[in-house]
1. Among the listed residues 175, 139, 193, identify the single one that is in contact with a Cys (Cβ under 9 Å, 6 or more places away or on another chain), farther than 27 Å from residue 71 by Cβ and surrounded by fewer than 15 Cβ atoms within 10 Å (Cβ to Cβ).
2. Within the range 39-58, count every residue that is loosely packed, with under 13 Cβ neighbours inside 10 Å and either under 23 Å from residue 14 (Cα atoms) or touching a residue at least 60 places away in the same chain (Cβ under 8 Å) (or both).
3. Residue under question is residue 112, and the condition is that it be open to solvent by 10 Å² or more (accessible area, probe 1.4 Å), in contact with a Ser or Thr (Cβ under 9 Å, 6 or more places away or on another chain) and farther than 17 Å from residue 163 by Cα; does it hold?
4. Those residues that are open to solvent by 80 Å² or more (accessible area, probe 1.4 Å), outside any strand (DSSP E or B) and either in contact with a strand residue (DSSP E or B) (Cβ under 7 Å, 6 or more places away or on another chain) or modelled with pLDDT under 90 (or both), I need them from the range 153-166; list them, please.
5. Is there any pair linking a residue in the range 75-90 that is in contact (Cβ under 8 Å) with a residue 40 or more places away in the chain to one that is assigned to a loop (DSSP other than H, G, I, E, B) and among the aliphatic types (A, V, I, L, M), with Cβ under 7 Å and at least six apart or on different chains, and which?
6. Quickly run through the range 59-76 and pick out the residues that are under 16 Å from residue 119 (Cα atoms), touching a Pro at 6+ places or on another chain (Cβ under 8 Å) and open to solvent by less than 20 Å² (accessible area, probe 1.4 Å).
7. State all residues of the range 87-138 that are among the small types (Gly, Ala, Ser) and either closer than 20 Å to residue 35 by Cβ or part of a strand (DSSP E or B) (or both); if no residue qualifies, say none.
Amino acid sequence: VSQSRYRQQFPVSVVSIGGVTSVIGSHGPPPTATTGDIFDDQLVTNDVSDKSIIRYTIPGQVEYFPYLYFIPFETKHTDEVTNIARVGNVNLVGLKNNIYRINYLPRDTDSEFDPGRAYEPLAEGFGIVGTHAACNVTVPGGDVVRAFTSYSGVHVTNGFRIETWTDDIDWEATVSTPANASGTDYLKNCILVDYPVCYRDWE
């Protein structure tokens, strides 16, 4: 059976990993997700069944998730993906204690399928506390940036550098964090919303 006929009968992706070529089904089911965005014509989401990875689709077909189209984030913390969003020409993946910048998504058209080279750390030691704890903001006279809440304050990033917006606030005395006596993580449920009319954020 020719490969073209095989593809017609069962859609596949052919990837090369470590010099080994694998043929996988390209029309895999979507994961159960709580956050996601479109980046590079592909849908990128988290996966609640494996909280340390992201999954993504084939280009232009946001309903199909090939099994090998995922990127794992191995950190020194027991961390989980909380927020995914495109900012400019990069994709940001926020975990509770880390933030990563995705520069591109590996595809079966790559000469070598290597998810480990697709991303780099943007922040270590703090991240995005929850699914709704971040939003894109258009700075007057500037670019679109990503504002987000961490356990140490409210920050903003353009995908390449991070600034803190709450340096003049006693953060630990203002909000309830897991470090407080109760130990309850209320902050993970916060919602960060952009109000462009007022040119400010409210939490």
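1. So the residue among 175, 139, 193 that is in contact with a Cys (Cβ under 9 Å, 6 or more places away or on another chain), farther than 27 Å from residue 71 by Cβ and surrounded by fewer than 15 Cβ atoms within 10 Å (Cβ to Cβ) is 193.
2. 1
3. In short, yes.
4. Hit for the range 153-166 is 165, nothing else.
5. Partner pairs satisfying both residue conditions: 82/128; 82/129; 83/128; 83/133.
6. Once the filter is applied, which keeps residues that are under 16 Å from residue 119 (Cα atoms), touching a Pro at 6+ places or on another chain (Cβ under 8 Å) and open to solvent by less than 20 Å² (accessible area, probe 1.4 Å), the range 59-76 yields 69, 71.
7. 88, 94, 118, 123, 127, 130, 133, 134
The values are calculated or read from the model by the stated rules, or taken from the named source; none is laboratory data. This one's a predicted model, so the numbers in the text were calculated from it and none came from an experiment. Neighbour counts are summed over all protein chains in view; Cβ atoms, including those assigned to glycine, are modelled from backbone coordinates with ideal geometry. Surface areas here come from the heavy atoms of the whole protein model, side chains and all, with no ligands, DNA or RNA. Shrake-Rupley method; radii C 1.70, N 1.55, O 1.52, S 1.80 Å.
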